Amino acid sequence: MKAVAPSYYPLFRCIAGDCRHTCCANWEVDIDPETYDKYMNMSGAFAERIRSSIVVEDDGSAVGEPHFVLRPDGRCPMLRDDGLCDLILACGEEALCRVCDEHPRFFNFRSDRIECGIGLSCEAAIPLVLGWDKGFSLVEINDYPDVSEEEPDELETEVYESRDRAIRTASDRSMPLSLRVGLLTDELWTTEKRLEVLMSLESLSSEWVELYGRIGGKSDSLDLLDDPGYTQCFENLLVYFLFRYPWEGARLACELLLMVSDCLKANPNAGLFDIVREFSSNVEYSDCNIDDIAERL
Ligand code: SF4
């Protein structure tokens, strides 16, 4: 099965030791069964260290759910003080478990292809995705020969055609971005309503709670989308949401965009990239938050 991705995708590189907000902390990393077996069968002193850093929780399955036990400061036990990974240094990147190897990439499985993207909780992904100035297009990347391919049914075809039309509208620079948002959806929540929704979601960091806590619920941020200093980044962000959430539709993408712009309006000194990183880490990477928002639309 072929895999496609936005044309910036192959350019992504993890900045490892230079990362200020490493993804190797504050998340519990689940180890997939294949990698777990590999760790169990490795020999040598480092293999002992790996095994002693893993706990297997009883989830009712035959083996349980193995994961690395975070240190008291929330960092992965393999993460060094200089931000590099001991596991990669000792055994190479091929020794990483699937979650670490794939992060911050995401995958949407269609009947006849896999769509891959780069998630915005990663500080190296944000300038690449939001700063992209060559227009949105998809390129073919690796094949996935072990994934079988089927003909998409009518509904799937309709959903993706509608998503692709929405991406074209979102990218049409003959109109201000606020107008494009108006063409994508007939209805939008008020800032107050969006704030109410944000407050009801699960939040992982106090920084994010502080950022949205300043919104206040009154001032509409639609005008900020047309600010020449931000409009290209907001366009790319809207396209990212449309691409990532095809089944939820354009309304969700527009509301997510406006949650970010509401936040920027309330925190003009915070910087758009930092707000996007907090938004993505807290809202997108919690399994149920996007479903919660979509259900309320
Ligand atoms: S957040 Fe991104 S840049 Fe930072 S360590 Fe993780 S993958 Fe690398």
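Just so you know, all these numbers are worked out from the coordinates, no wet-lab data involved. What you are looking at is a predicted structure, and each value in this text was computed from that prediction instead of being measured. Cβ coordinates were reconstructed from backbone atoms using ideal geometry, including for glycine residues, and neighbour counts include every protein chain displayed.
Remarks
- Extension reserve of the Tyr144-Glu65 stretch, reckoned as 0.36 nm per residue once the Cα distance is removed: 25.8 nm
- Relative contact order, percent, the chain [alpha-carbon distance under 8 Å, six or more residues apart]: 21
- Overall form of region 95-215 per C-alpha gyration tensor (a/c, 1.5; a/b vs b/c): oblate
- If the segment from Arg168 to Asp58 were pulled out straight at 0.36 nm per residue, it would be longer than the present Cα-Cα gap by 34.8 nm.
- Paramagnetic label zone (point 7 Å from Cα along Cα-to-C-beta, Asp73; backbone N under 17 Å) in region 14-45: 17-27
- Cut-off 10 Å between beta-carbons: net charge of the residues surrounding Ser111, Lys and Arg +1, Asp and Glu -1: -4
- Debye equation applied to the C-alpha atoms of the chain, log10 I(q)/I(0) at 0.07, 0.08, 0.10, 0.13 Å⁻¹: -0.30, -0.40, -0.62, -1.02
- Label-point gap, in nm, between Arg296 and Glu158 - each point 7 angstrom along Cα→Cβ: 2.8
- For the chain, the mean residue ellipticity at 222 nm estimated from helices alone is -12000 deg cm²/dmol, where every DSSP H run of n ≥ 4 contributes -39500 (n - 2.57) and the total is divided by all residues, rounded to the nearest 500.
- Take the Cα of Asp186, step 7 Å toward its Cβ, do the same at Glu28, and the gap between the two points is 4.5 nm.
- Cα-based shape type of region 154-296, given that a ≥ b ≥ c are square roots of the gyration tensor eigenvalues and the cut on a/c is 1.5: oblate
- Largest-first ellipsoid semi-axes for region 24-102, taking √(5λ) over the Cα gyration tensor eigenvalues, angstrom: 19, 16, 12
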